[in-house]
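Heads up, the thing below is written out as structure tokens.
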Amino acid sequence: MENEVKLAAGTMVTFAIAVSALVILPYIQVRDVKPPEGLKPYTSAELRGRSVYIANGCVYCHSQQPRSESFAPDAKRGWGRASVPGDYVYDKPHLLGSMRTGPDLMNIGVRQPSKDWHLGHLYQPRAYVPGSIMPSYPYLFEIKDKAEPGEEALNLPPGTAPAGKVVVARPEMLDLVKYLLSLKREYPVLSPEPHEAAGAKTPSAPPAGKPASAS
Ligand code: HEC
């Protein structure tokens with residue numbers, strides 16, 4: 001019996017240590033995070049777009065967590081500075097992602113501010129990036145003879161739309177693009193990163209203007 005008691009006690013102690021390290025301590029670290037001044041809450045259209053992003057599995061190929069320079073050259077790729085907990089205060093559920101089949105999208109609104117580009121790229125990625133392996137999303141568009149009042153035909157590269165037809169984005173697609181354009185974390189981070197505080201030389205991130213390549 002003595003051994004069983006030791007085994008049970010050992011199991012409970014191990015479990016308690018794991019829960020503290022993986023659940024309780026991280027919760028204490030981030031529970032009081034305030035929204036940064038430069039970060040706006042999502043509008044209702046952007047939130048609808050966020051659910052289209054979730055429903056279509058964009059998160060399976062795109063992360064939203066640029067890493068610090070010591071981990072990856074994300075800033076050099078134009079994906080923005082390393083993210084901090086405050087960047088995610090309005091993200092429920094968070095969409096950090098773990099796969100990077102495509103580029104990180106945390107700052108896509110800075111890097112690619114053109115609504116036309118996004119609509120066209122989501123209609124047919126290969127018309128913009130030859131050889132792209134990103135899926136197209138034709139069911140979020142409608143093909144028509146001409147755009148009706150209040151609708152806007154997509155401004156596509158020649159030869160992309162079916163001959164003699166126009167392509168019009170469905171409302172879900174317009175919301176999705178509003179969400180993508182809202183992804184901007186350009187405001188400065190308040191608390192410096194530990195290695196900056198220690199006086200180490202940290203080159204500043206390049207402006208997030210240049211297009212990034214997938215890797
Ligand atoms: C199968 C993986 C995959 C899925 C799913 C996917 N993408 Fe992509 N995405 C890529 C790849 C690869 C690229 C890079 C090539 C390109 O631009 O087409 C990319 C590029 C992009 C870019 C341009 C990024 C830049 O830095 O230029 C945007 C924006 C984007 N994807 C949005 C989306 C959205 C929104 C969805 C969901 C509706 C989605 N992607 C789903 C793989 C994927």
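The values are calculated or read from the model by the stated rules, or taken from the named source; none is laboratory data. Note that this is a predicted model, so its numbers are computed, not measured. Please note: Cβ atoms are built from the backbone with ideal geometry, for glycine as well, and neighbour counts cover all protein chains shown.
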Item to check | Meets criteria (in contact (Cβ under 8 Å) with a residue 12 or more places away in the chain, assigned by TED's automatic domain parsing to the domain that holds Leu181, farther than 23 Å from Leu47 by Cβ and surrounded by fewer than 20 Cβ atoms within 10 Å (Cβ to Cβ)) for Lys115 | outcome: no
Item to check | Hits in region 51-92 - residues which are surrounded by fewer than 18 Cβ atoms within 10 Å (Cβ to Cβ) and within 16 Å of the ligand (Cβ to nearest atom) | outcome: Ser51, Ile54, Ala55, Asn56, Gly57, Tyr60, Cys61, Arg67, Ala72, Pro73, Lys76, Asp91
Item to check | Subset of region 101-121 (residues that are charged (D, E, K, R) and more than 9 Å from the ligand (Cβ to nearest atom)) | outcome: Lys115, Asp116
Checklist entry - What are the residues in region 174-203 that are surrounded by 16 or more Cβ atoms within 10 Å (Cβ to Cβ) and modelled with pLDDT under 55, if any? => result Glu193
Checklist entry - Could you list, in sequence order, the residues of region 148-163 that are out of contact with any helix residue (DSSP H, G or I) (no Cβ under 6 Å at 6 or more places or on another chain) and in a loop (DSSP other than H, G, I, E, B)? => result Glu148, Pro149, Gly150, Glu151, Glu152, Pro158, Gly159, Ala161, Pro162, Ala163
